[in-house]
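The values are calculated or read from the model by the stated rules, or taken from the named source; none is laboratory data. Worth saying up front: this structure is predicted, and the values here are computed from it rather than measured. A quick note on method: Cβ atoms are made from the backbone with ideal geometry, for glycine too, and the neighbour counts reach across all protein chains shown.
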Amino acid sequence: MTHIALADEDFKDDHHPKTFYGKYVWSLDHKVIAVQYSCTALFVGLVALVLSVLMRLQLGFPDTLGFLSPGVYLQYVTMHGMIMVVYLLTALLLGGFGNYMIPLMLGTRDMVFPTLNMLSFWFYLVSVIVLLASFFVPGGPTGAGWTIYPPQAILEGTPGAGWGIYLMLISLGIFIIAFTMGGLNYITTILQARTHGMTLMRMPLTIWGIFIATILGLFAFPALLVSAIMMMLDATLGTSFFMPAIMSLGEPMDHEGGSPLLFQHLFWFFGHPEVYIVALPAFGMVSDVLSIHARKNIFGYRMMVWAIVIIGGLSFIVWAHHMYVSGMNPYFGFFFATSTLIIAVPTAIKVYNWVLTLWRGNIQLTVPMLFAIGFIFTFTHGGMSGLFLGNVIVDLPLSDTFFVVAHFHMVMGVSPILVLYASIYHWFPLISGKQLHTGMGKLHFWVTFIGAYSIFLPMHYIGIMGVPRRYYALGDASYLPQSVHTLNENITIAVIIVALAQLIFLFNVFWTLRYGPKSERNPWKATSLEWHTPNVPPGHGNWGDKLPVVHRWAYDYSVPGAKEDYIPQHLTDDEVEWDQRPEKREDSE
Amino acid sequence: MRWLDSITVKPWLPQPAGMAVETHHTPVPILALRVLMGIITVFFLLIMVTFIVRSQFDDFRALAGEPWQPFTDTGRLWINTFVLLLASIGMEVAVRQWQNGQTRLMLLMLSAGAFLAISFLVLQVAVWRYLLSLGYGLSENPANSYFYLFTGLHAIHLLGGLVALVRVFFRLYRGVSAERVFLAVKGCAIYWHYLFILWLVLFFFLTRTPETYAFIAAVCGLG
Amino acid sequence: MLIAWVLLALIVATVVLHFASPWWLTPLASNWGSIDSTINLAFWVTGIVFVLVNLFLVWVVFYYRYDKNRRATYDPENKPLESWLTILTSIGVIAMLAPGLVVWANFVNVPEEANEVEALGQQWQWTYRFPGEDGVLGQANARFVTPENPFGIDPNDPASQDDIIINSHRLHLPIDEPIKLVLRSNDVLHNFAVPNFRVKMDTVPGIQSYQWFTPSLKGTFDIMCMELCGLAHYTMRGQVIIEEREDFEAWLAQFPTFAETQSRPAYDHSAGESLYMTCAGCHGMDGSGNAALNAPNLTMLDNWYMERQMRYYREGIRGTHPEDSWGQQMVAIASTVPEETQADLLRYIEQLPLVASEPTLNGGDIERGKRIYESCAVCHGNQAEGRQLLGAPGLAGQADWYLKRQLEHYSMGWRGRHEQDQFGTQMRLMTRTIQSPERLNDLLAYIGSLQ
């Protein structure tokens, strides 16, 4: 059975849902599952956003909220981090956009295993419920930091050391199962189910990003699962994988001989690729948005693809750069600093190519484009501060300070979220048939972009000063001037403004769904297949009776001689209207 | 290097004949199974790495080496290995019988594969009970912890395979044609072989002497 | 078009903030000026790239803005351009990495002549150990930890007997001498970081890690724990004091060796009893305290806690605030107790039968108090029984008016502000979470319910 055979299979409508439940709840349709994934992810994301505002209130205006005790603060820090990284970004980018875009951009009717796809969402939902349940158990959620390092994660003295950490580990386990089911689907669909003519190098970069990120996820999440299982055994059955002989709040524990560093190695073997699991789909999607709205082909497509592949590969051999000051053998620092800074090269090439895509383009400053340009700016900034932390000796004074917090928020908080917004504004007409309100969109962009930058830019500097992260209150450390506290207040105010600005977005979504005018079929004049389904939004089975056949890459914008400034992927040269037809531009088969 | 070719073409140029059509001879479910087995391999490999690191700590007491240690004599484990091998053979015969059109024999061998796999699990539990009776509890020593961890996780993966196999029986019972379930049967057989090989590796790994662990650790640079 | 101008403004703002920022590296107090140089180098390299790339972006966004009569250029790739950019980026990366690795090699290799000192991280305090005359730190392991041996030093190791135990959060070090700081933990991960020294390293239970530096500036510098170590992580602080060799030696001479800390003199009951007569006037013959005279209940206090407080009173660490008149009274009394017989007095008090304190406050909400107490429980125990290894006294059974006054004193800075007060910073940071008189009342009501 070849992929062609798969693409040629007749459209069997035997899955077509008949009832409301079949259509929207127990749906097998990748588009519905994608929306389910996205809504769940956005919901927990909102929870995490509220948590971050509460955290910032404590940092900016210490001791004003009675319920925000040191323990609660750490719980919020932990849940904010874990939710944002895993349950929002990973789920939204891969479960949401991955699910929606893969079949549409590749010209298939659905994922190759629709039932598995549905199960993936339901497992994800259960993992989210288990995670949120930890807010309601005795002791509350875990407050061990999103890195959940043992020994403290499972010892009294850390908030949520009992039920909180158990539920966190169980929830992660369920999430990993969900991700594996989804990921197997994405990979096999991309490898085996592409339509006629859709060679690997004709895939839009969005798909490349999702493809490599999924591979990273499938092979990195097992490390987290392993560490979660072993920590769970340490916590409940008294094994000593990660637990050495220690005291806990003055009482001796029964453990003997385990190694906390072993956990950290496992965790970061997952944790670093996780950064790219978030970043690569964002890279892909922003490439497409930039290209479409600049009416220009992506610059250096091949280099972009190779960079994604190389970054993905390298991301497995840099994990210990999170552990320079962990007490591991310091000689590891030489290797990991080198491998880390090597990643800077393909990443920089991606940035150059994004800017060079705009260069000599015809830039339409639509809302998605604004977000995408904002992304280039914040990502350059975050990438640069990454060069500080990757360089082992520079990391020494900066690690565990707010510099780190500022860096990773800039690079994997603000930047991917700007891309997510760019993508939502860009693909909303496809998903809903309506275009989000531009005025509200622009307002949302300006507040979010400038606000987020003014939150995280100064944060680098208090980090350089040596303000430690995960501190409930700074108190009166002698090396910190009063201006640090003033700055913290200002950052908190900026956080509140940015958080409120997200309400504009939510309002925009609901308002548009309800009152927004119907959008054009292909409002951005894009070439890729998803905009060329028989119905917009695409119906069940996506393509009607006949699958599209692809004749060109996804970036034929402003082709010299063509009448329109874009040529959809499924058109042959004969079907294109030419002002001046160039010589052969089409496949020779 | 077709893979390399396919990611070095210049996609904005017309594709030469043949380039656009990429054929994959692997059926989709089998491809998915292969990826899954890759993931499971990584999963076990990571635990093995931690095992080797942990084995070099002072408090680690290997389960084999001295005469009084439980796996200096591995007789029990060899019996289990033999049972799992039979299960794997049963599955393979089932696949071949189907190809010969012997549906009844296939069903019989499939049942044998399932039964032997369950027997293997029961025998593994017996090994656990044997270890416990000797006082080798889960948390007494990291070597014990790893033994239970590895065998337990292996058993969970086998149980997962059994669920898939039960689904095959269920579909056959519901009258889904044998052709349509064939890929599932074949997948189960591949998975059985995989778990057998995985068990051999774990078996080897868990019953070495401290010297061998020290050697492996030194070779891998994990000492 | 706005976006181009805004980006330009942000670039300018970023550069201006960088040069005008009042927040920058703290004054350097060690030999690690080379780390500062690598940071500055990184700033220049990345700063230039950041500004250039984004200025180009601004220009592109401005110059190639939408014009419906113009077409974008169709150029799929430009090999030479991409190659040049790759090469230039690689050069920039190497320029940052190579010097960084050289400095890292310096950090990894400790100079031969460095003096070893141990810093022990425990929830949530720093303490230290010097190797003593033999120059060797004795073996240690969490398994050996007892209330009398909080460091977990191996009592059978000959090398450990002369180790000098610094049971204080303040570490004195001689200037201009390289120090190899051996890092150890008996419970969870911590991180010994002095921002002015630039270097930091985790303490990991079960293994020893290290960092080295040569102090180069006299003064007092803050030690911050920089690895999340549980609820009171943010209160885990210490100080390092850099001074001349003579001053350092005088300081070190005050501290006992490990062997000395392990001996316990015989107890003279009658000496203790007669000494107690001085105290009985206020605290009562049975030690139950007297609210009218502002004397707290002594019967529930642990020996080790009273010993610490007596020392604090005597050394002017507690009770010196001008507003704290009861404290000043106690300072005067404490100075009359001879140091050598104090142990008899304290043991006499310790054996007094427990007398419960009468509650004097009312109206507190026990349930709300319980939630507030959760932060206290990690050190003082779930039943407020106290935890010696964490330096936290028992609270259950103490007079509520006394606890109230002490908590108020902590939050006002009347108590715990003295730099030598080992747990003062901790308590002052923790009492701030009480926030209001109502919540204080709730908390005391809950502690009162634990008797």
statement: Of (1) at pLDDT 90 or above; (2) crowded, with 20+ Cβ neighbours inside 10 Å; (3) within 14 Å of another protein chain (Cβ to nearest Cβ), residue C:425 satisfies every one except (1)
- request: Might you let me know whether the range C:381-402 holds any residue that is crowded, with 21+ Cβ neighbours inside 10 Å, more than 20 Å from the chain's Cα centre (by Cα) and charged (D, E, K, R)?
  value: yes
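For (1) part of a helix (DSSP H, G or I); (2) at the interface with chain B (Cβ under 10 Å from one of its Cβ atoms); (3) more than 17 Å from residue A:109 (Cα to Cα); (4) not acidic (Asp, Glu), each residue gets a yes or a no:
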{"residue": "A:170", "(1), (2), (3), (4)": "yes, no, yes, yes"}
{"residue": "A:188", "(1), (2), (3), (4)": "yes, yes, no, yes"}
{"residue": "A:191", "(1), (2), (3), (4)": "yes, yes, no, yes"}
{"residue": "A:209", "(1), (2), (3), (4)": "yes, no, yes, yes"}
{"residue": "A:219", "(1), (2), (3), (4)": "yes, yes, yes, yes"}
field: Checklist (1) hydrophobic (A, V, I, L, M, F, W, C); (2) free of Cβ contacts under 8 Å to residues at least 60 places away in the same chain; (3) crowded, with 24+ Cβ neighbours inside 10 Å applied to residue A:200, failing item
entry: (3)
- request: Using the structure shown, decide if residue C:209 is among the small types (Gly, Ala, Ser) and more than 9 Å from chain A (Cβ to nearest Cβ).
  value: no
statement: With criteria (1) surrounded by fewer than 17 Cβ atoms within 10 Å (Cβ to Cβ); (2) within 13 Å of residue C:342 (Cβ to Cβ), residue C:276 comes up short on (1)
message: Looking at the structure I just gave you, is residue A:370 within 7 Å of chain C (Cβ to nearest Cβ), in contact (Cβ under 8 Å) with a residue 24 or more places away in the chain, under 22 Å from the mean Cα position of the chain (by Cα) and crowded, with 24+ Cβ neighbours inside 10 Å?
response: yes
Residue satisfying condition, being touching a residue at least 12 places away in the same chain (Cβ under 8 Å), outside any loop (DSSP other than H, G, I, E, B), buried (at least 24 other Cβ atoms within 10 Å of the Cβ) and not β-branched (Val, Ile, Thr), within set A:164, A:160: A:164
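Do the conditions hold for residue A:105, that is, is it in contact with an Asp or Glu (Cβ under 7 Å, 6 or more places away or on another chain), of a type outside the set (Ser, Thr, Tyr), in a helix (DSSP H, G or I) and over 21 Å from residue C:378 (Cβ atoms)?
Yes, satisfied.
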Selection within the range C:46-72 - under 16 Å from residue C:1 (Cβ atoms), in contact (Cβ under 8 Å) with a residue 40 or more places away in the chain, facing chain A (nearest Cβ under 8 Å) and assigned to a helix (DSSP H, G or I): C:57, C:61
task: Look at the range A:436-450 and say how many of its residues are surrounded by fewer than 20 Cβ atoms within 10 Å (Cβ to Cβ) and not charged (D, E, K, R).
output: 7
field: Count of residues meeting criterion [in a loop (DSSP other than H, G, I, E, B) and more than 21 Å from the chain's Cα centre (by Cα)] in the range C:113-137
entry: 9
field: All positions within the range C:243-258 that are surrounded by 14 or more Cβ atoms within 10 Å (Cβ to Cβ) and either in a helix (DSSP H, G or I) or touching an Asp or Glu at 6+ places or on another chain (Cβ under 9 Å) (or both)
entry: C:247, C:248, C:251, C:252, C:257, C:258
task: Report, ordered by the first and then the second residue, all pairs with beta carbons closer than 6 Å, sequence separation of six or more or different chains, a first member in the range A:518-539 that is more than 19 Å from residue A:33 (Cβ to Cβ), and a second member that is crowded, with 20+ Cβ neighbours inside 10 Å and at pLDDT below 90.
output: A:521/A:536
field: Matching residues in the range A:296-339 - criterion: being part of a helix (DSSP H, G or I), closer than 24 Å to residue A:392 by Cα and facing another protein chain (nearest Cβ under 9 Å)
entry: A:333, A:334, A:337, A:338
field: Which listed residue is polar (S, T, N, Q), under 18 Å from residue A:64 (Cβ atoms) and either facing chain C (nearest Cβ under 9 Å) or touching a Gly at 6+ places or on another chain (Cβ under 9 Å) (or both), from A:492, A:486
entry: A:492
task: Kindly indicate the residue of the range A:133-155 that is of a type in the set (A, V, I, L, M) and within 14 Å of chain C (Cβ to nearest Cβ) and also nearest to residue A:252 (Cα to Cα) among those meeting that condition.
output: A:155
task: Go through (1) buried (at least 22 other Cβ atoms within 10 Å of the Cβ); (2) facing another protein chain (nearest Cβ under 7 Å) one by one and return the number of the condition residue A:255 breaks.
output: (2)
